[in-house]
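First up is the structure itself, then whatever we jot down about it.
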Amino acid sequence: MNFDSTDTGNSRPDEQTNAINPDAISTHGTTRAAAGSPLHPTDDGNVAAGTAMSATTLPDFPEPSWSTAKQSTYDSCPRQYHFQYYESWQGWHRGSRENNPESRMAYFWSKRRTIATWTGRNIHNAIALCLHGEPQQQVLEHTLRSLQAEWNGSQLRGKVFRKYGAGAVPPKGTLLMEHTEMSLPDEALAEGSARVTECITAFASLGIESQFRQARISGDRYHFVEPPDGIFEPRMVEFAVPGREEPLKVWAMLDCACEVECNRCVVYDWKTGREPSDREESHLTDQLLVHAHYVLGPEGIGSRSADVEIEALEVYLPSCVFYGGPITSGALEDARERISRKAADMLALHNRIREQGERACEPKPAQQACGNCSFRSMCDFAWISEV
Ligand code: SF4
């Protein structure tokens, strides 16, 4: 593993984005989809390089799919959902600047991260590196150097953006949302770096790394960890949806899963934000349940054994608080039914968007939603303080 600090600005996309990464396309010229799964926009906004598939093979209109990230964006504001998953589609093409500037701008904004989500993504990458066997101290040092380099690059790109506009910003490299508005003192980076250090240190204290290593060296126990290099690999399950012949794709972008004992598997989902105050610690989110479906499916441990005990946990770092717990077959079936119903609604919306465009997605301006929305500068309905 090369630990040189670089400013690639290209890490695995977070849960907020859903567009193809043009950097992956323009750099590698090819993209990769999982065997048998056509390439399409993802909840993770990146595309792996690999088997030859030209970017031009992408469909003109996004394929329907469901994920907790999509659902939560829609619930927050349907117009934001439209910007994120539809308006930005095809905006990565060079020609879109002239031919479809709205799409180009939506794509540009769909790629912007806030300091918080950028830091969170780097923590995920660092944990993945640790689980892939890299020494924790080196991973931490590498991550902090990388943060500094990306931060410097983002400050510079922010200046270019503020002076000349989005068209002058090179497509590669990090440009944080905050830097599109102003130059920031390095204290803001120091806070992010402190959070990275706290989270990695907390992660190291949990013993999950050694649990994972045991599964890895056992040779026959299931273990999975997301790629550490930011390259997107599609992972999904397929659910039957009312009113549709073929099943619908449901994205399952799990962070880590590990068979801790023979036929007992734990799914982990790293969380770097605040712990939730509105649910019980034993509550199983749809996201955890989708991950469990994936792990128990043919691409996971299910290919080997049908009799597996599974537990799914959100791990809140740096406080090391766990949410979630054991999953019963009843909970899995309930989740499948619940998600299928939500996905059917999403599919109906998809068809309305095809006919009506953005009019199918009413804006829902609210102080918090608009404050966190990447598209506020191009939205006529953005919440404006009356004070
Ligand atoms: S700025 Fe507000 S109203 Fe407009 S898309 Fe974003 S969240 Fe919705």
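The values are calculated or read from the model by the stated rules, or taken from the named source; none is laboratory data. Treat the numbers as computed from the prediction; the structure is a model and nothing was measured. Using ideal geometry, Cβ is built from the backbone for each residue, glycine included, and neighbour counts are taken over all protein chains shown.
Which numbered condition trips up residue 323, out of (1) on the phi < 0 side of the Ramachandran plot; (2) of a type outside the set (A, V, I, L, M, F, W, C); (3) assigned to a helix (DSSP H, G or I)?
Just one mismatch for residue 323, condition (3).
Can you report the number of residues in the range 337-359 which are among the charged types (D, E, K, R) and either surrounded by 17 or more Cβ atoms within 10 Å (Cβ to Cβ) or within 13 Å of the ligand (Cβ to nearest atom) (or both)?
2
Residues in the range 371-382 that are surrounded by 13 or more Cβ atoms within 10 Å (Cβ to Cβ), of a type outside the set (Gly, Ala, Ser) and without any contact (Cβ under 8 Å) to a residue 40 or more places away in the chain: how many?
1
The rows are residues; the columns are (1) modelled with pLDDT of 85 or more; (2) under 23 Å from residue 346 (Cα atoms); (3) within 16 Å of the ligand (Cβ to nearest atom).
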residue: 48; (1), (2), (3): no, no, no
residue: 52; (1), (2), (3): no, no, no
residue: 65; (1), (2), (3): yes, yes, no
residue: 70; (1), (2), (3): yes, yes, yes
residue: 77; (1), (2), (3): yes, yes, yes
residue: 88; (1), (2), (3): yes, yes, yes
residue: 96; (1), (2), (3): no, no, no
residue: 99; (1), (2), (3): no, no, no
residue: 103; (1), (2), (3): yes, yes, yes
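So if I check each of 306, 312, which one is over 30 Å from residue 88 (Cβ atoms), surrounded by 18 or more Cβ atoms within 10 Å (Cβ to Cβ) and either among the hydroxyl-bearing types (Ser, Thr, Tyr) or without any contact (Cβ under 8 Å) to a residue 60 or more places away in the chain (or both)?
Answer to the check: 312.
Tell me which residues, restricted to the range 65-101, are of a type in the set (S, T, N, Q), more than 20 Å from residue 252 (Cα to Cα) and not in a loop (DSSP other than H, G, I, E, B).
Of everything in the range 65-101, those that are of a type in the set (S, T, N, Q), more than 20 Å from residue 252 (Cα to Cα) and not in a loop (DSSP other than H, G, I, E, B) turn out to be 76, 80, 96, 99.
Could you please let me know if residue 384 is within 16 Å of the ligand (Cβ to nearest atom) and assigned to a loop (DSSP other than H, G, I, E, B)?
Yes.
In the range 143-195, how many are in contact with a His (Cβ under 8 Å, 6 or more places away or on another chain) and polar (S, T, N, Q)?
Residues in the range 143-195 being in contact with a His (Cβ under 8 Å, 6 or more places away or on another chain) and polar (S, T, N, Q): 2 in total.
Checking residue 257 against (1) under 30 Å from residue 150 (Cα atoms); (2) surrounded by fewer than 19 Cβ atoms within 10 Å (Cβ to Cβ), which test does it fail?
The one condition residue 257 does not meet is (2).
Give me the pairs: first residue in the range 173-190 and under 11 Å from residue 159 (Cα atoms), second residue not in a helix (DSSP H, G or I) and not polar (S, T, N, Q), beta-carbon distance under 7 Å, and six or more apart or on different chains, which are they?
Hits for this filter: 175/112; 175/169; 180/112.
Look at residue 362 and say whether it is among the charged types (D, E, K, R), exposed (fewer than 14 other Cβ atoms within 10 Å of the Cβ) and within 16 Å of the ligand (Cβ to nearest atom).
yes
Considering 120, 167, 158, 153, which residue is in contact with a Lys or Arg (Cβ under 7 Å, 6 or more places away or on another chain) and not charged (D, E, K, R)?
Testing whether each residue is in contact with a Lys or Arg (Cβ under 7 Å, 6 or more places away or on another chain) and not charged (D, E, K, R) leaves just 167.
Whether any residue in the range 317-327 is within 16 Å of the ligand (Cβ to nearest atom), surrounded by 13 or more Cβ atoms within 10 Å (Cβ to Cβ) and within 30 Å of residue 291 (Cα to Cα) is what I want to check.
no
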